[in-house]
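Visitor: Would you mind keeping the following structure in view while I ask a few things?
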Amino acid sequence: MNNLIYGFVFTASDEQGALKQQHIGQTVTNQITPWIVHYDVATIYVKQWPVDLWFVEIIEGLESSQLNEDSDYIAATTIRPLKQLPCSLLFGPKGEKVCQLLDNICQITLPQINQLAALANPISTEAYGNVWNTWLSKTSNSTMHQDADHSGTLAIGEGENASPIYNGFLTINDLVHKKAKELVGDAAFIKLAGYGDEVYLATEWSKACSVLLQTAMGLGAEQYVSSKDLPLLLLGWKALNNN
């Protein structure tokens with residue numbers, strides 16, 4: 001490649017072949033599974049946790065014929081990691097506490113799930129939707145989404161336009177599903193007739209997931225939350241941290 005191209009790569013912290021500090025400044029090649037290098041950190045959607053985030057230079061990318069020109073990433077067989085970055089960048093300007101919440105979800109127990117589910121209430125759900133609409137009114141997102149019911153919204157657009165915490169709500173939803181499968185198995189899910197193989201969280205887990213999403217909103221998008229709504233969104237955070 002003639003022109004220098006830089007971007008962002010994430011790797012699961014414990015996966016084989018993950019980037020490490022000793023790789024900084026070195027060329028790293030992966031012919032079997034190319035690196036996915038994102039142009040914008042806000043477009044990265046992580047489905048596992050924890051991960052490591054890296055700023056890299058692309059040394060050798062795949063042929064342009066193999067790439068989608070409209071894509072927000074490029075596949076590369078050889079990269080040079082230049083710097084490890086804080087993972088909080090994945091979840092917006094206030095992403096540090098979102099990362100702490102993800103840590104909590106990975107360690108969550110059944111009693112905590114029950115405790116979170118008991119905190120679910122329609123007023124907090126309304127507060128969650130209020131923040132979405134406040135955020136929408138301050139962004140360039142289409143007005144068609146404003147003043148709608150966002151009580152169950154996880155993402156709207158892409159990158160910075162996906163949500164106030166980028167793809168963070170999608171990540172939380174994925175982690176809760178994964179934890180439900182781990183702790184309870186199929187009993188944590190229900191299938192609805194006419195929806196094919198799609199599965200949904202059973203009531204207790206669904207309520208707990210909603211409270212965790214609200215918690216992420218209170219932690220990661222506080223600048224869009226009214227003073228009266230903030231305590232409602234942080235009920236789950238207090239429960240997880242016993243305060």
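Visitor: In the stretch 1-16, what count of residues is obtained for those that are of a type in the set (Gly, Ala, Ser) and without any contact (Cβ under 8 Å) to a residue 12 or more places away in the chain?
Guide: Total meeting the criteria: 0.
Visitor: When you look at residue 233, is it over 17 Å from the mean Cα position of the chain (by Cα), modelled with pLDDT of 95 or more, of a type in the set (A, V, I, L, M) and crowded, with 18+ Cβ neighbours inside 10 Å, yes or no?
Guide: Values: over 17 Å from the mean Cα position of the chain (by Cα): yes; modelled with pLDDT of 95 or more: yes; of a type in the set (A, V, I, L, M): yes; crowded, with 18+ Cβ neighbours inside 10 Å: yes.
Yes; evaluated as a whole, the condition is true for this residue.
Visitor: For residue 186, state whether it is open to solvent by 30 Å² or more (accessible area, probe 1.4 Å), under 29 Å from residue 111 (Cα atoms) and touching a residue at least 60 places away in the same chain (Cβ under 8 Å).
Guide: Criteria not met by residue 186.
Visitor: I'd like the full set of residues that are at pLDDT 95 or above, surrounded by fewer than 17 Cβ atoms within 10 Å (Cβ to Cβ) and outside any loop (DSSP other than H, G, I, E, B), limited to the stretch 150-170.
Guide: Across the stretch 150-170, there are no qualifying residues.
Visitor: Determine whether residue 97 is open to solvent by 60 Å² or more (accessible area, probe 1.4 Å), in a helix (DSSP H, G or I) and within 19 Å of residue 219 (Cβ to Cβ).
Guide: Numbers: open to solvent by 60 Å² or more (accessible area, probe 1.4 Å): yes; in a helix (DSSP H, G or I): yes; within 19 Å of residue 219 (Cβ to Cβ): yes.
Yes.
Visitor: Going by the conditions given, is residue 103 part of a helix (DSSP H, G or I) and open to solvent by less than 80 Å² (accessible area, probe 1.4 Å)?
Guide: yes
Visitor: Please determine whether any residue of the stretch 134-142 is assigned to a helix (DSSP H, G or I), closer than 20 Å to residue 210 by Cα and open to solvent by 30 Å² or more (accessible area, probe 1.4 Å).
Guide: The answer is yes; a qualifying residue exists.
Visitor: Now for a separate question. Pairs only if they're at least six apart or on different chains, beta carbon under 6 angstrom, first in the stretch 17-32 and more than 9 Å from residue 79 (Cα to Cα), second surrounded by 10 or more Cβ atoms within 10 Å (Cβ to Cβ); list them, first residue then second.
Guide: Every condition considered, the pairs that remain are 18/11; 19/11; 19/54; 19/81; 23/81; 24/81; 31/77.
Results for (1) in a helix (DSSP H, G or I); (2) surrounded by fewer than 24 Cβ atoms within 10 Å (Cβ to Cβ), shown as yes or no for each residue.
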{"site": "178", "(1), (2)": "yes, yes"}
{"site": "190", "(1), (2)": "no, yes"}
{"site": "200", "(1), (2)": "no, yes"}
{"site": "208", "(1), (2)": "yes, no"}
{"site": "219", "(1), (2)": "yes, no"}
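Visitor: Another question, then. Exactly one condition in (1) more than 18 Å from residue 42 (Cβ to Cβ); (2) touching a residue at least 24 places away in the same chain (Cβ under 8 Å); (3) open to solvent by 50 Å² or more (accessible area, probe 1.4 Å) is not met by residue 224; state its number.
Guide: Only one criterion is unmet by residue 224, namely (1).
Visitor: Let me ask you something else. Taking the stretch 1-15, which residues are loosely packed, with under 12 Cβ neighbours inside 10 Å and more than 22 Å from the chain's Cα centre (by Cα)?
Guide: Once the filter is applied, which keeps residues that are loosely packed, with under 12 Cβ neighbours inside 10 Å and more than 22 Å from the chain's Cα centre (by Cα), the stretch 1-15 yields 2, 3, 4.
Visitor: Right, something else. Among the residues of the stretch 16-54, which ones are over 16 Å from the mean Cα position of the chain (by Cα), in a strand (DSSP E or B) and either surrounded by fewer than 17 Cβ atoms within 10 Å (Cβ to Cβ) or aliphatic (A, V, I, L, M) (or both)? First the steps, then the outcome.
Guide: Step one: list which residues in the stretch 16-54 are over 16 Å from the mean Cα position of the chain (by Cα), which gives 16-37, 39, 54.
Then drop every residue that is not in a strand (DSSP E or B), which leaves 28-29, 35-37, 54.
Listed by number, the residues that qualify are 28, 29, 36, 37.
The values are calculated or read from the model by the stated rules, or taken from the named source; none is laboratory data. Keep in mind that this is a model prediction, so the values were computed, not measured. Quick reminder, even Gly has a Cβ in these numbers, built from the backbone with ideal geometry, and neighbours come from all protein chains shown. Heavy atoms of the whole protein, side chains included, go into the accessibility calculation; ligands, DNA and RNA do not. Shrake-Rupley method; radii C 1.70, N 1.55, O 1.52, S 1.80 Å.
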